[in-house]
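Asks: Quick one: this structure, given as structure tokens, is what I'll be asking you about.
The values are calculated or read from the model by the stated rules, or taken from the named source; none is laboratory data. In this text the structure is predicted, and so the values were computed from the model without any measurement. No Cβ is skipped: glycine too gets one built from the backbone with ideal geometry, and neighbour counts run over all protein chains shown. Only protein heavy atoms, including side chains, enter the accessible area calculation; ligands, DNA and RNA are left aside. Shrake-Rupley method; radii C 1.70, N 1.55, O 1.52, S 1.80 Å.
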Amino acid sequence: RVSPIQKALLLKMVRKYVSPTPTTLAIGDGANDVGMIQEAHIGIGISGLEGQQAVNASDFAIAQFRFLEPLLLIHGRWNFMRMSKAVLFFFYKNAALIGTMMMFSEYCLHSGTPLYDPWVIAVFNFVGGSLPIVLMAVMDRDLPRDYVLRNPQVYASGPNNEFLSLRMTLRWVVLTIVQTIVIYQFSASILKLGGGVTSAFLGLMGNWGRDVVGDGEGGDLQVFGTTIYSQLIFVVSIK
């Protein structure tokens, strides 16, 4: 039994003098635990008979102490795995978009001519995998709940930073480079030099007149860029 300030100082001493610096967690259910909860990296409050002071000062609140195990082993591990994938995915999809624009700059003699329309770029983060990443962030589970509880050693993947390791990051970097080259080069080789022009006499290509929008068009920069953009959206969403 120690005073509230002593609890906080004890945790502060652990953070300062233990090497390597540990990730600390403090859990309490009363007002005398507030200082300790705020000093820790992660503070957990238990809502109980001693009021809500600990809960109000905590990062996470639970109803009973026994919920600490699933909070850490299951939900904490899933959360770190999902967040790691989300971070890597955000860098991946934006790098793929910019990568295709960088490859196009070589063909326009680095004049700054945009490959995509400005409105297409503006909505990329909305249409480029927004729904899949939300579903992944809510529902993705690499291991079932029962398996994790039976094998608590799998929790070590979080402290060991396996989901954001250098090896994992390099895998995404290589994937980004390969997909960017494939999407652009396979599309550009077909679409350039008039590959998008059609000689059909039906529909918009009815040869109604040079002033009719869409008549005879099909090989311009807008079609060239939007076609590559559409393929990029498909690839990012499937990934």
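Asks: What are the residue pairs meeting all of these: first residue in region 123-138, first residue on the phi > 0 side of the Ramachandran plot, second residue among the small types (Gly, Ala, Ser), Cβ atoms under 7 Å, and 6 or more apart or on different chains?
Replies: What qualifies is Gly129/Ser237.
Asks: Now for a different question. Determine which single condition Glu106 fails, assuming it passes every other condition in (1) open to solvent by 80 Å² or more (accessible area, probe 1.4 Å); (2) within 26 Å of the chain's Cα centre (by Cα).
Replies: Answer for Glu106: the failing condition is (2).
Asks: Out of the residues in region 24-39 meeting the condition of being of a type in the set (Val, Ile, Thr) and either in contact (Cβ under 8 Å) with a residue 24 or more places away in the chain or touching a Ser or Thr at 6+ places or on another chain (Cβ under 7 Å) (or both), tell me which one is surrounded by the fewest Cβ atoms within 10 Å (Cβ to Cβ).
Replies: Restricting attention to region 24-39, the residues satisfying the condition of being of a type in the set (Val, Ile, Thr) are 24, 27, 34, 37.
Adding the requirement that they be either in contact (Cβ under 8 Å) with a residue 24 or more places away in the chain or touching a Ser or Thr at 6+ places or on another chain (Cβ under 7 Å) (or both) leaves 27, 34, 37.
Working: Ile27: 20, Val34: 22, Ile37: 25.
Across region 24-39, the extreme among qualifying residues is Ile27.
Asks: For Leu193, are the conditions met, namely being at pLDDT 90 or above, open to solvent by 40 Å² or more (accessible area, probe 1.4 Å) and aliphatic (A, V, I, L, M)?
Replies: Details: at pLDDT 90 or above: no; open to solvent by 40 Å² or more (accessible area, probe 1.4 Å): yes; aliphatic (A, V, I, L, M): yes.
Against the criterion (at pLDDT 90 or above, open to solvent by 40 Å² or more (accessible area, probe 1.4 Å) and aliphatic (A, V, I, L, M)), Leu193 does not qualify.
Asks: Out of Tyr116, Tyr155, I need the residue that is surrounded by 12 or more Cβ atoms within 10 Å (Cβ to Cβ), under 28 Å from Ser187 (Cβ atoms) and either in contact with a Phe, Trp or Tyr (Cβ under 9 Å, 6 or more places away or on another chain) or among the aromatic types (Phe, Trp, Tyr) (or both). Which one? It would help to see each step written out before you state the result.
Replies: Numbers: Tyr155 fails: under 28 Å from Ser187 (Cβ atoms).
Every option except Tyr116 fails the conditions.
Asks: Quick one: would you say Asn56 is without any contact (Cβ under 8 Å) to a residue 60 or more places away in the chain and surrounded by 16 or more Cβ atoms within 10 Å (Cβ to Cβ)?
Replies: Working: without any contact (Cβ under 8 Å) to a residue 60 or more places away in the chain: yes; surrounded by 16 or more Cβ atoms within 10 Å (Cβ to Cβ): no.
No.
Asks: A further question follows. Run down Gly51, Gly45 and say which single residue is at positive phi, open to solvent by less than 50 Å² (accessible area, probe 1.4 Å) and either out of contact with any Cys (no Cβ under 8 Å at 6 or more places or on another chain) or at pLDDT below 90 (or both).
Replies: Numbers: Gly45 fails: at positive phi.
Of Gly51, Gly45, the one residue that is at positive phi, open to solvent by less than 50 Å² (accessible area, probe 1.4 Å) and either out of contact with any Cys (no Cβ under 8 Å at 6 or more places or on another chain) or at pLDDT below 90 (or both) is Gly51.
Asks: A follow-up question, please. Only one of (1) within 22 Å of Gly76 (Cβ to Cβ); (2) surrounded by fewer than 18 Cβ atoms within 10 Å (Cβ to Cβ) is not met by Lys12, so which one is it?
Replies: That leaves (1) as the condition not met.
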